[in-house]
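Worksheet: one structure, shown below.
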Amino acid sequence: MEYKTQMEAAKKGIVTPEMEIVAEKEGVSTDYLLEKMAIGEIVIPCNIHHKSISPEGVGTGLRTKINVNLGISKDLNDMDLEMAKVDMALSMGAEAIMDLSNYGKTQEFREKLIEKSTAMIGTVPMYDAVGFLEKGLSFIKAEEFLDVVRNHAENGVDFVTIHAGINKANAEIYLRNRRVNEIVSRGGSLLFGWMKMNDRENPFYEYYDELLDICYEHDVTISLGDSLRPGGIHDATDPGQIAELITLGELTKRAWEKNVQIMIEGPGHVPIGDIAMNMQLEKRLCHNAPFYVLGPLVTDIAPGYDHITSAIGGAIAAAAGADFLCYVTPAEHLRLPDVDDVREGIIATKIAAHAGDIHKLAHAREWDLEMSKRRQALDWEGMFELALDPVKARRYWEESNHSDDGTCTMCGSMCSMRNMNLILEGKDIKIDMEESNPFC
């Protein structure tokens, strides 16, 4: 084989089958992909062992992608339920699924997921470490963390979140600048605890070159985790977050030297006015590597509605340069999501991604233009066909008691679309005052 990873192929000018698929999906040339992938601005997370995948590109000039989190845990150890969530995510067009399993038959679930999924699969090996190694956190040896990563890579995982940026130096910066919500990253808090209990450097930082060798061998993309991301808007853009981001930029260059693809993970909870600045900081400090963000959530006061607070921030982030949005469901901060929560989270995040794409991609609004044309023509079947959630759109229409099939019950005979069409055709309009809706 002339190359091991997609990045290595790009540097050699080799167009891979995965690049051809992504180019067709995105409407870009393979020359464009080669150029951007060679310098790390676009990644195609695609493990050589993941045979069912339909490859996706993430990065500069491509559509904003979304990720769905799921997985088995001690509180909800139901593999069938999680597979129902997988089916939901795939049917709704999520480009990525992260398996965050941390209890029980994690490997069995992961293998079934990879065998089934056309979406790219990500994991956080740190979550799986305690169960995989069957020992307490403080007793895990530094080198053993790499064994877990190797296992995930051999299983076929396309990208792994690795919290390599919270080294001793950045941990001290955090401790000198304490927070309201301390370290909210699960992986980051576990590593911080391991470092303190063992008085050792972060093993993923200390053995970063060995980690890169594993990822190179299987073409696993590293998603450099943000251990010091803010968990409340009060803590956003503080010294710890920025110090870690600088370190992630340094680790990015080291990965590129070994032809390993890299994404950068970002906040978190961020006030709405600071979101664009945070996107610009990442792009500058991490050399335009693809940016993968959770939200950001723009307020902390809406438990039960955090899919909305996240979508607001996600739209702004995507418009300002974020390449990949992790979904947030209504259950965030409250409980593990059920299938309905997953659906709501996917829809909210896809809206955010598309809203951002309208700003940064010239062709993104073609979808909206076609919907506007069908709306003016009162072409209901056409509207359902284009709707982001056609099932809900059709259900609302069919449940309404509309007296005229040409309009909906929002406006009835006062429908501006209907009446403008009639007037411009030289026809009269008639208003039925008994059924017209005052909310128009």
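Structure notes:
- Overall dimensions of the chain as given by Cα atoms, namely Rg and Dmax in Å: 23.6, 83
- Shape class for the stretch 335-414: oblate, because the ratio a/c of the largest to smallest gyration tensor axis (alpha-carbon atoms, square roots of eigenvalues) is 1.5 or more and b/c is at least a/b.
- Within-15-Å neighbourhood charge of ARG200 [Cβ basis; K, R +1; D, E -1]: -3
- Whole-angstrom gap from the stretch 1-42 to the stretch 313-342, using each part's C-alpha centre: 29 Å
- Surface calculation, 1.4 Å probe, protein heavy atoms: CYS46 sits at approximately 10 Å² accessible.
- Charge tally for LEU62 (other residues, Cβ to Cβ under 11 Å; Lys, Arg +1; Asp, Glu -1): -1.
- Helix axis angle, 390-399 relative to the chain longest principal axis, alpha carbon, degrees: 30 degrees
- For GluC sites (Glu not before Pro), the sites in the stretch 389-430 that DSSP calls loop and that have at most 10 other Cβ atoms within 10 Å are GLU425.
- Helix axis angle, 339-360 relative to the chain longest principal axis, alpha carbon, degrees: 80 degrees
- Taking the DSSP bridge list for the chain and keeping only pairs wholly inside it, about 5 percent are antiparallel.
- Remark: for residue pairs LYS85/LYS392; LYS116/LYS360; LYS112/LYS258; LYS25/LYS85, the C-alpha separation exceeds 22 Å in LYS116/LYS360; LYS112/LYS258; LYS25/LYS85.
- Degrees between helix 208-218 axis and first principal axis of the chain (Cα, 0 to 90, nearest 10): 60 degrees
- In summary, the aspartates and glutamates within cross-link reach of LYS11, defined as a Cα separation below 15 angstrom excluding same-chain residues under 8 places away, comprise GLU2, ASP31, GLU35, GLU41, ASP219, GLU257.
The values are calculated or read from the model by the stated rules, or taken from the named source; none is laboratory data. Fair warning: this is a prediction, and the values are worked out from it, not measured in the lab. Glycine gets a Cβ as well: all are built from the backbone with ideal geometry, and neighbour counts include every protein chain shown. Ligands, DNA and RNA are stripped out before the accessible areas are found, and what is left, the full protein with its side chains, is counted by its heavy atoms. Shrake-Rupley method; radii C 1.70, N 1.55, O 1.52, S 1.80 Å.
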